[in-house]
1. From the phi angles alone, apply the Karplus equation (6.51, -1.76, 1.60; θ = phi - 60°) to the range 55-64 and give each ³J(HN,Hα) in whole Hz, x where the residue is Gly or Pro.
2. Compute the acute angle (0 to 90°) between the alpha-carbon long axis of helix 323-339 and the principal axis of greatest extent of the alpha-carbon atoms of the chain; round to the nearest 10°.
3. So which GluC sites (Glu not before Pro) in the range 230-297 are both in a DSSP loop and have at most 11 other Cβ atoms within 10 Å of their Cβ?
4. Alpha carbons only, please: Rg and Dmax for the range 132-182, in angstrom.
5. Could you pull out every residue, at least 5 positions away or on a different chain, whose amide H is within less than 5 Å of the one on TRP89? Hs are placed 1.01 Å off N in the peptide plane, and Pro or chain starts have none.
6. Rounded, prolate or oblate: which fits the range 37-166 when a ≥ b ≥ c are the square roots of the eigenvalues of the alpha-carbon gyration tensor, with rounded for a/c under 1.5 and prolate only if a/b beats b/c?
7. Using only the alpha-carbon atoms of the chain, report the extent along each of the three principal axes, biggest first, to the nearest angstrom.
8. Where the Cα atoms of the range 1-87 are projected onto their three principal axes, how long is each span, largest first, in whole Å?
Amino acid sequence: MQIILFTQFTQLKNSEYFAEFQEFIENTPTGNFFQSPEFLQFIEPVRGYKPFLWLSLSAAGRIQGSLLGVIQSDGGGVKSWLSRRLIVWGGPVVHETGKTEIARALLEAMKKTARGSAIFIEFRNFFDCSELNGSFEASGFRFRPHLNYVVRLDDEKSVTGRLSSNRRRQIRSSLNAGAVVTEPESEADVLAFYQLLVRLYREKVKKPLPNLDLFMQFWKSPSSKTFLVKYNGQVVGGSVGPVYRNEAIYQWYVCGDNGVIQGVHPSVLASWAPMEYGLKHGYKFFDFMGAGRPDEEYGVREFKARFGGDELSYGRYELVLSQPLYKVGKLGLKVYQSLR
């Protein structure tokens, strides 16, 4: 078995493996946007994100597994140094034959690359990884439960029927009051949405928010969609997320100036917008990308639950590479949250 590494989209595209990798992700049941060439191309130019793609090759030189992760950091200086983490969404993707051995080899290659560059590694699972538990445990990873909601976009009648009565009322009320859903017309629109997110993260979420680059990329990239909620021409809410081959549409970030305009519920409308788009364009499901730990109170979970999605618990895997730096980083986050 051979493991090869790519860190740039053009490097992959110009290689002999590009077409085979595309086909591998498309035809493997667990393939998804965050493990695809599209994601590598999407995330590479964004400041604060550095992608790594590992491919596992058989003795005959054929792709039998892949793993795409991103080293992410916040801000600059010491803050950037103490926030370095390697995040993997929806991976690894491995061939059925010999999957545990392939996964283990990919995980070990990832650990080797990550040491000295990231403080910890976190896998955010999009599918049932129980068959790979042995591979993760042998590589030192710890599993913890984590919830998510995925909405099936089978047909409009079924999707709206699964919404809670309160959600249906809020959508109708928002539209009747004059709120509209649109896409950004300019960088100013994206900036207005970003400023709403900045306020949300400063006042409620109390965690670092990626820089504006990511949200400009959401707007510019053909691999993602940005939906804005406007009222009297002003941006009052919105949501952003990737789209994947008329199959999946994701919600990575959402916010709204809620409780300000009578009858208008921007966050609800911003979450309904990608579902409605997915229904109109033949997507199979809408993914909320996380709903917190089941043993912790999480207000956002109740918000997401009322959209009629299926509750899933694929969990997450975590490996701390530097305990001292991890503890300092956790302490720094607590200080950051207390100051906010």
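1. 10, 9, 10, 6, 4, 8, x, 9, 5, 10
2. 10
3. GLU296, GLU297
4. When restricted to the Cα atoms of the range 132-182, Rg and Dmax are 19.7, 56 Å.
5. ARG124
6. Details: a/c = 1.81, a/b = 1.23, b/c = 1.47.
It comes out oblate by the Cα gyration axes.
7. The principal-axis extents, from largest down, are 63, 46, 39 Å.
8. Between the extreme Cα coordinates on each principal axis of the range 1-87 lie 45, 25, 23 Å.
Coordinate-derived values only; no laboratory data. Worth saying up front: this structure is predicted, and the values here are computed from it rather than measured. In this analysis, Cβ positions are derived from the backbone assuming ideal geometry, glycine residues included, and neighbour counts consider all displayed protein chains.
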